[in-house]
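Visitor: Take a look at this one; I'll ask things after.
The values are calculated or read from the model by the stated rules, or taken from the named source; none is laboratory data. Quick caveat: nothing in here was measured; it's all calculated off a predicted structure. Every residue, glycine among them, receives a Cβ derived from its backbone with ideal geometry; neighbour counts consider all protein chains shown.
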Amino acid sequence: MRVLVVQNFVDTGLGQVGAALAEAGAEIDRCCAHLGEALPADAGGHDAMVMLGGGQNAIDDDHSPYFPQLVELARDFVGKDKAVLGICLGSQLLARAFGGENRIGCATEFGWHGISLTQEAQDDPVFADLPEGFPIFQWHDDTFTLPEGAVRLASSPVADNQAFRVGRAGYGVQFHFEADRALVRDWNEAFAAVIARRNPDWPERHGAEAARHGPDADAVGLALARAWVAAI
């Protein structure tokens, strides 16, 4: 199993998705597209693709001129019945790839927040075994409309489209299920200046919120990661 991982920002990581891929013995090809590394021309050399998050928005082609090629690559993977996972910015790019409208700056969430699954999730091979509601880590300002023909799988009071599926195994997930408590601690350090500007009370809140929500969030995140890897 060979998986392309597209990194869109500094200091992001695979977290629990990486753990699930390692369990499956996957070979990972990481492309640091944000640093100018070339994307593959098509999906032919890989079994699946992961698009990670980032601080830019999904229509900021001036800042990230590779975005048009990346959304075309996502369409190629889905069109060839290969698995795609877009997380946060990656989900917004996947929505863009299939005609969704990216909506900038109107859906801010940070920290652990509640997610509710839709009725359609009960029949989805990746989401079916998850709880109907659970806390999970969020860090985003943007959202998107559901692409035509896509299946909505999860929502929250702030963003209706928290997860969706296109094709057999193209999944866009707005929330950071890959971010277990260890990865969140890493982000606290790596992005300390950004967090201090936007959420100055986070250092005081973090410990209590991690203790309250982290165990359930980590368990759901790993289960979701394993289920998506099984869909490859």
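Visitor: Please go through region 51-69 and pick out each residue that is among the hydrophobic types (A, V, I, L, M, F, W, C), within 19 Å of ALA38 (Cβ to Cβ) and surrounded by fewer than 24 Cβ atoms within 10 Å (Cβ to Cβ).
Guide: Correct list: PHE67 only.
Visitor: Right, another one. For region 141-150, give me the residue count where each residue is surrounded by fewer than 17 Cβ atoms within 10 Å (Cβ to Cβ) and touching a strand residue (DSSP E or B) at 6+ places or on another chain (Cβ under 8 Å).
Guide: 2
Visitor: Being assigned to a helix (DSSP H, G or I) and among the hydrophobic types (A, V, I, L, M, F, W, C) is the filter; apply it to region 83-110 and report the residue that is nearest to ASP218 (Cα to Cα).
Guide: LEU89
Visitor: Only one of GLN16, GLN7 is of a type outside the set (Ser, Thr, Tyr) and touching a Cys at 6+ places or on another chain (Cβ under 7 Å); which?
Guide: Residue meeting the stated conditions: GLN7.
Visitor: Considering each of PHE127, PHE110, PHE137 in turn, give the residue that is at pLDDT 95 or above and closer than 22 Å to ILE59 by Cα.
Guide: On inspection, the qualifying residue turns out to be PHE110.
Visitor: Among the residues of region 11-51, write down those that are in contact (Cβ under 8 Å) with a residue 60 or more places away in the chain, part of a loop (DSSP other than H, G, I, E, B) and in contact with a helix residue (DSSP H, G or I) (Cβ under 8 Å, 6 or more places away or on another chain).
Guide: Within region 11-51, ASP11, GLY13, LEU14, ALA24, ALA26 qualify.
Visitor: Same structure again: Under 9 Å between Cβ atoms, at least 6 apart or on separate chains: pull out the pairs that start in region 204-228 with a residue that is farther than 16 Å from ILE115 by Cβ and end on any residue that is at pLDDT 95 or above and aromatic (Phe, Trp, Tyr).
Guide: Between residues of region 204-228 that are farther than 16 Å from ILE115 by Cβ and residues that are at pLDDT 95 or above and aromatic (Phe, Trp, Tyr), the close pairs are ALA210/TRP112.
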